[in-house]
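The values are calculated or read from the model by the stated rules, or taken from the named source; none is laboratory data. As the structure is a prediction and not an experimental result, all values here were calculated from the model. Ideal geometry is used to build each Cβ from the backbone, glycine not excepted, and the neighbour counts take in all protein chains shown.
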Amino acid sequence: MAKYVDGFVLPIPKKNLPKYRQMAKFMEKLMKKYGALEYFECVGDDLNPNMMGMKFLKFPQLVKAKSNETVVFSFIVFKSRAHRDKVNAMMMKDPVMNDPKYANMPMPFDMKRMAYGGFKTIVNL
């Protein structure tokens, strides 16, 4: 069965990585509580690879990363798009998501430079 994936690419100030990791661990538990199959948060390691001289857009360029930032690539796996929509709807109704103490909490990254999308899998081994 083909799965569905939500993917994210975002710049993170390096000093905010511990705070982001804490937020990501919280989100992983919440997403899995409502049925997400897998949850990955990956921090950049080789962000300027040389692929035999080929020219291509690199992740830091994609999100306009600054010299004090790194890039995080994240993805969440679901059974299907309908399953993703159901999980997200249930998660957003969770009391913790509506707790006033989190209402004005600043994000540890610039959401305006985050890329996000939902993807149908075309190869799934």
Quick check: is even one residue across region 81-92 more than 18 Å from LEU37 (Cβ to Cβ) and surrounded by 10 or more Cβ atoms within 10 Å (Cβ to Cβ)?
yes
Go through region 70-125 and give me each residue that's touching a Phe, Trp or Tyr at 6+ places or on another chain (Cβ under 8 Å), at pLDDT 90 or above and β-branched (Val, Ile, Thr).
VAL71, VAL72, ILE76, VAL77, VAL87, THR121
Counted residues in region 51-93 being among the acidic types (Asp, Glu) and either over 18 Å from the mean Cα position of the chain (by Cα) or under 30 Å from LYS14 (Cβ atoms) (or both) come to 1
Tell me, yes or no, whether region 72-93 has at least one residue that is without any contact (Cβ under 8 Å) to a residue 12 or more places away in the chain and more than 17 Å from VAL5 (Cα to Cα).
yes
So, VAL5, is that one under 23 Å from ALA82 (Cα atoms), touching a Ser or Thr at 6+ places or on another chain (Cβ under 9 Å) and of a type outside the set (Phe, Trp, Tyr) or not?
yes
Can you name the helices (runs of 4 or more DSSP H) wholly within region 7-125 that have at least 2 residues being of a type in the set (Phe, Trp, Tyr)?
17-33
In region 88-125, residues that are among the aliphatic types (A, V, I, L, M) and touching a strand residue (DSSP E or B) at 6+ places or on another chain (Cβ under 6 Å) total 2
